[in-house]
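Student: Here you go, one structure.
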Amino acid sequence: MLVDLAGGWNPMLGRLAWSQIPYDNPILAPLFVAVVIGAVLVLGLITYYGKWTYLWKEWLTTVDHKKLGVMYILIGLVMLFRGFIDGLMIRTQQAWAVGPHSSGVFGATHGYLTPFHFGQVYSAHGVIMILLAATPLLVGFMNIIVPIQIGARDMAYPYLNALGLWFTAAAGALIMISLFVGDFAHNGWFGYAPIFELQYSPGVGVDYWIWTMELLALGTTLGGINILATIIKMRAPGMTWGRLPIFVWASLASNVIALTSFPALQVALALVAADRYLGAHFFTAGLGGNLMLYTNLFWIWGHPEVYFVILPAFGMMSEIFPTFSEKPLFGYMTMVLASMAIAGVSWLVWLHHFFTMGAGPYVNSAFSVATMLVGIPTGVKVFNWAFTMYRGRLTFNAAMLWAIGALFLLLVGGLTGMMLAVPAINYMVHNSVFVVAHFHSMLLTIVYAIFASVIYWFPKVFGFKLNEFWAKTMFWLFSAGTALVFVPMYMLGFMGMTRRLDYVFNTAWHPYLLVMEFGIVVYTLSVLAFFALLYVSVRDHASNQVGADAWGTSRSLEWLTHSPVPFYNFAVLPHVNARDEVAWRRDNGIDHVQPDHYEDIHMPNNTGVAIVLGGLTFVLGFALVWRIWWLCAFSLLAIIALVIYRSFKGDPGYIITAAELEQMEKAAMRREARIGKQQHRVGSGVLGEAIAYARSDLPSLASQPGSTGGLDHRS
Amino acid sequence: MQVKWRNNLKNGCRHAALAPILLLSGCAGTPFWIFDPKGLMADTNLFYLLVDVGIMGGIVGLTALLVIWFMWRYQKGKNRGKYDPTWSHSNTIEVVVWGIPIIAVGFLSYFAVTGTFEINPYNPTVITNHLKPVSDPVEVDVIATDWQWLFVYPQYHMAVANDLVLPAHTPVFFRLTSSAVTTTFFIPQLVGMIDVMPGMRTKNALESNHVGEYQGIASDYAGAGTSWMTFKTKIVKSADFREWVRKVQQSPTSMTYASFNDYADPYINVHHKVAYFSSVPDGLFDHVVDEVMKGKTWPIPPMMTENMVAYMQKQNAEHRD
């Protein structure tokens, strides 16, 4: 042992001991029982209905980017719920533990959470919301939408895609198990030096935090490589850079950030691990360590990460506003430029997260001005959305409402962000709940965009629309909750209330904290409305079926193929003629044209390697947390062996023959005909239309010879 | 000239801008500490806040109104505005939408930079430019431990724990360090935040002309006792300050390097205990910085991380309370 460990260690179980199981904790023990009962129930139901084979074949071993995307989004939604429960706990503690006369239970002098437990709750809340909710949700959408929008059959690396998902799932499992085995870090989602050092955090919580974040960083980096390669190499014929849908541009900008910044996080965390496991002194206060080095390294990743999550959200809004304004996005080129500008500037602003560190005025001034530069492209985006609505024909359905909500929250977040960018203001509100309210405005912008996208793209993936009434009910409840929680929070910031207080010493803040508690109750209602939305939509799915163009006013390429999207995306890769291809085809009257003949296509095989690697990674993470060295060695060797085995085996893929394809296409077209929203004129005899699907550079195609446009594609 | 313009803004517009909030809270002192500064530093912070919100609030407010107007005018089926399904570009609008943010950011950048220098914690020109020979600044060395504040007055060779008393109309210069983890020193109505870090020294300063009692906060998470790591800041008249110094100097307890070692052990100051130390060794501040740089730590007992009530019983049993 290179470091002294509190609580003993043995070669067999490492630091693991019965005392590490919080069976006497009045909150965790009942929760554990509930989780076990729930798990047994779910597993039992799967067995009862004999769905194991289906689950394994169709989901757990899949390399289909849409299914992987759906699983990413499922993980994201589950973790969003977990993070919300953490938020509920934080709000309840702060509404309860106010003033010296407030009561205390469960070992806390005030409220119901001890300071250490409270620290874990808000740290988990931050890690989960940013890295396990927002990130998987957005990566999930990029996974589903990007390949269809650029006319590809799958990602560039389908197996790598599955690997990214299962790493993310392993990280999620690791943070969830920290609830019941050991504890979690109390140092905030970004970690403080030197409080995460062994002297100040002797337990395993910080180790859970390190390995969860490392796994997520790994998964997201792999995902980033994949999405970049897909966008650069897999575009359909005619999909030039200037015709790329704006969400794809946003994904491109976002993943450039991911690919370049996540390694910085991995290095920073590896150095923390060196301090805690090897007794190094990278970030200790003494013996040559430099604790602000950690803060710099973390935010060199941390700030680009903020734009990694906001850029896809901007992309989503840029898709939704034009569809429901029934006209093209205003200022496509400036939108692209603005996305790239934000991605670039994201690297120049990290120091604004610690203006109060005591850097000199020249340093602070430089970062202050750089930070305000972000406001320029962001402001342009807001104006562009506004002018997309200008002279439009606006439909305020649920997706549009969520997108507009995102726009207004962005305005609030932008205003307060410009305040925080000025050091002279920042000194007064840094580390106060004002900052908390600011970044929640920004992150809720993302959440609003995500819910808009769930509603907007759901019919594309599943073939039926979500219930409008419940989607709108949820929107209004969620918005009321947002106002009730964050308006008082901004006010408390101006009152000087600092963040992360597990005990609130000033009773003057109590009324505002109670309003926020009420707000979180309203949020809870919106969560229930979301469950109702899912239930009602699935129940009535037969009457909500849609065809390819689910909204009737859709614009980009993903709306060309059937809904739900077949696993091969496009039977024949379409030829792209315009920026808003579907709108262009609709305007030229060839939106219903289908290919006249099919050719064999090549698809990747499913693989069980990815999920097994994910499982082994989880074991490795768990063994590292508890320092069970034999298990670390075993799982690491198994991972290496499996990777080598798979690289020798490779994947030859398989062929879907033209006949099979035709059959499946016919079935899909019959479905659309039955729905009656789309009138297909297959083989209607109009000369040229037969080949127009794959190659339709011109609306009048009579003189064009036949072409196999893009059929040489191989994944 | 600028100063006069600024004073007008501060005294006139500020009251106008903040009137609704101040009225809400009545005359008994507003709970909005940031809007109610009582010192030169905090005053300057508020000035920049008002400038920034004035400019950005105008732009954001107008944009919001624009969006709402478009939403109303172009709603489908209402036929209020013209529908143009192909309109998606206008050079004029592009220039305007890039121009407005660029001009606003340029304008704000000027204020951001001047403000950064005016309240630069190491040399705040709002204070240092007006130093007079008679000012006779007070120096305070701040040492944060887990989880108490020790204020050393090197000029008077004395120290006070968890209570900061300062004379009015006098510049005060702080040096700050921590014996344990990183936290932040913050007195909302007097001076903005500055990080307090182990093995390092930061600085800050304040000057207040308002006699009164102001809340001081440890505004960065430092572990279990952070929420109780608060202190009162009392701005008193010069005569009262001299009286208070005499009182502290008559305290029976004194602090040595050895007793600091005990004092710095983790301690949750639930009862806001204040302690006076009639004497401290010269150079205690540098001594603490040196020790921490050499690797000295005051580790947190694992028990503290489990059960607050049980730990408090232990803390009481050790008669440290």
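Student: Over the range B:209-268, what relative contact order in percent results from Cα pairs under 8 Å that are six or more residues apart?
Tutor: Averaging sequence separation for qualifying contacts and normalising by length gives 35 percent for the range B:209-268.
Student: Also, quick follow-up: For the range B:63-110, what Kirkwood radius comes out of the mean inverse Cα-Cα distance, in Å?
Tutor: Numbers: mean 1/r = 0.0763 Å⁻¹.
13.1 Å is the Kirkwood radius here.
Student: Can I ask one more? By Kyte-Doolittle mean hydropathy of at least -0.5 and Cα axial length of at least 20 Å, which whole DSSP H helices of chain B are selected? Can you show the working numbers first?
Tutor: Details: long enough: B:40-73 (49 Å, 1.49); B:91-118 (40 Å, 1.30).
Helices passing the filter in chain B: B:40-73, B:91-118.
Student: Please give the helix A:291-325 orientation as an angle from the longest Cα principal axis of chain A, in degrees from 0 to 90, rounded to the nearest 10.
Tutor: Compared with the principal axis, the helix lies near 30 degrees.
Student: With no solvent and one point on each alpha carbon, what is the Debye value of log10 I(q)/I(0) for the range A:36-96 at q = 0.16, 0.27, 0.28 Å⁻¹?
Tutor: The computed values of log10 I(q)/I(0) come out as -0.73, -1.07, -1.07.
Student: Any idea what angle helix A:398-420 forms with the longest principal axis of chain A, computed on alpha-carbon atoms, 0 to 90 degrees, nearest 10?
Tutor: 40 degrees
Student: Now a separate question. On each of the three principal axes of the Cα atoms of the range B:212-321, give max minus min coordinate, whole Å, ordered largest first.
Tutor: 47, 33, 28
Student: Give the relative contact order (percent, whole number) for chain A; include only Cα pairs under 8 Å separated by 6+ residues. Don't skip to the answer; put the middle values down first.
Tutor: Values: 1164 pairs, mean separation 115.8, N = 715.
About 16 percent, as a whole number.
Student: Taking 45 Å as R0, compute the FRET efficiency from the Cβ-Cβ separation of residue A:3 and residue B:249 and round it to 0.05.
Tutor: On the way: r = 45 Å, r/R0 = 1.00.
The computed FRET efficiency comes out at 0.50.
Student: Here is a further query. Fewest to most neighbouring Cβ within 10 Å: what's the order for A:591, A:651? Before the final figure, lay out each step's value.
Tutor: On the way: A:591 18, A:651 14.
Arranged by neighbour count, lowest to highest, A:591, A:651 become A:651, A:591.
Student: Here's something else I'd like to know. So how far apart, in nm, are the two label points at residue A:531 and residue A:13 if each is 7 Å from Cα heading toward Cβ?
Tutor: The modelled label-to-label distance comes out at 3.6 nm.
Student: Also: Pull out the extension gain between residue B:239 and residue B:287, defined as 0.36 nm times the separation in residues minus the alpha carbon to alpha carbon distance; nm, one decimal.
Tutor: On the way: separation 48, 0.36 × 48 = 17.28 nm, distance 3.19 nm.
Value of the extension gain: 14.1 nm.
Student: Would you calculate the separation in nanometres between label points at residue A:644 and residue A:51, each defined as 7 Å from the Cα along the Cα-to-beta-carbon direction?
Tutor: A separation of 4.0 nm, rounded to one decimal place.
Student: Here's another thing I want to ask about it. Using C-alpha positions alone, give me the convex hull volume of the range A:609-649 per residue in cubic angstrom. Display every interim value, and only then the final one.
Tutor: Details: hull volume 1.7 nm³, N = 41.
Dividing the Cα hull volume of the range A:609-649 by its residue count gives 40 Å³.
Student: Give me the compactness ratio for the range A:51-544, meaning the Cα radius of gyration over 2.2 N^0.38 Å. Intermediate results must be reported in sequence, preceding the final value.
Tutor: On the way: Rg = 22.2 Å, N = 494, 2.2 N^0.38 = 23.2 Å.
Compactness ratio reported: 0.95.
Student: Right, here's the next one. Helix A:433-462 against the longest principal axis of chain A: what's the angle in degrees, Cα atoms only, rounded to the nearest 10?
Tutor: 30 degrees
Student: Calculated from DSSP H runs of 4 or more alone, at -39500 (n - 2.57) each and per residue, what is the 222 nm mean residue ellipticity of chain B, nearest 500?
Tutor: On the way: 9 runs with 124 residues, N = 321.
Computed ellipticity for chain B at 222 nm equals -12500 deg cm²/dmol.
Student: What is the spread of the Cα atoms of chain B along each of their three principal axes, largest first, in whole Å?
Tutor: In descending order, the Cα extents are 83, 53, 42 Å.
Student: Something else about it: Mind checking the dipole of chain B: about its Cα centre, +1 per Lys or Arg Cβ, -1 per Asp or Glu Cβ, Debye to the nearest 20?
Tutor: 1320 debye
Student: Quick one: what Rg and Dmax do you get for the range A:429-488 from the alpha carbons, in Å?
Tutor: In Å, with Rg to one decimal and Dmax whole: 14.7, 48.
Student: Say the dipole of the protein assembly as shown comes from +1 at the beta carbon of Lys and Arg and -1 at that of Asp and Glu; which of A:301, A:27, A:570 then lies farthest toward its positive end?
Tutor: Of the options given, the answer is A:570.
Student: Could you compute Rg(Cα) / (2.2 N^0.38 Å) for the protein assembly as shown, with N its residue count?
Tutor: Numbers: Rg = 30.6 Å, N = 1036, 2.2 N^0.38 = 30.8 Å.
Cα-based Rg divided by the globular estimate yields 0.99.
Student: Among B:97, B:110, B:87, which residue has its Cα furthest toward the positive end of the charge dipole of chain B, with +1 on Lys/Arg Cβ and -1 on Asp/Glu Cβ?
Tutor: Positive-end residue among those listed: B:87.
Student: Over the protein assembly as shown, what is the percentage of antiparallel beta bridges among all DSSP beta bridges, to the nearest 5? Walk me through the numbers before you get to the answer.
Tutor: On the way: 33 of 49 bridges.
Within the protein assembly as shown, antiparallel bridges account for around 65 percent of the total.
Student: Please rank A:412, A:35, fewest neighbouring Cβ atoms within 10 Å first, as an exposure proxy.
Tutor: Numbers: A:412 21, A:35 14.
Ascending number of Cβ neighbours within 10 Å: A:35, A:412.
Student: Continuing with this model, one more query. Within the range A:370-387, what residues put their amide N at less than 17 Å from the label point 7 Å along the Cα-to-Cβ vector of residue B:73?
Tutor: A:383-387
Student: Step by step: find N for the range A:435-545, compute 2.2 N^0.38 Å, then divide the Cα radius of gyration by it. What's the final number? Before the final figure, lay out each step's value.
Tutor: Numbers: Rg = 17.4 Å, N = 111, 2.2 N^0.38 = 13.2 Å.
That works out to 1.32 for the range A:435-545.
Student: Just want the ordering: A:342, B:59, A:27, from fewest to most Cβ atoms lying within 10 Å of their own Cβ. Could the numbers behind the result be given before it?
Tutor: On the way: A:342 24, B:59 20, A:27 15.
The order, fewest Cβ neighbours first, is A:27, B:59, A:342.
Student: Testing the spin-label approximation: label points 7 Å from Cα along Cα→Cβ at residue A:543 and residue A:270. State their distance in nm.
Tutor: Output for this residue pair reads 5.8 nm.
Student: Do the alpha carbons of any pairs in A:57/A:460; A:57/A:233; B:234/B:294; B:203/B:237; A:327/A:381; A:327/A:472 sit beyond 27 Å of each other, and which pairs? Walk me through the numbers before you get to the answer.
Tutor: On the way: A:57/A:460 22 Å; A:57/A:233 29 Å; B:234/B:294 35 Å; B:203/B:237 24 Å; A:327/A:381 16 Å; A:327/A:472 23 Å.
Cα-Cα > 27 Å for A:57/A:233; B:234/B:294; rest within.
Taken together, the values in this text are just the output of simple stated rules run on the coordinates, not laboratory data. Bear in mind that the values here come from a model prediction, so they are computed numbers and not experimental data. Glycine also receives a Cβ, built like all others from the backbone with ideal geometry; neighbour counts cover every protein chain displayed.
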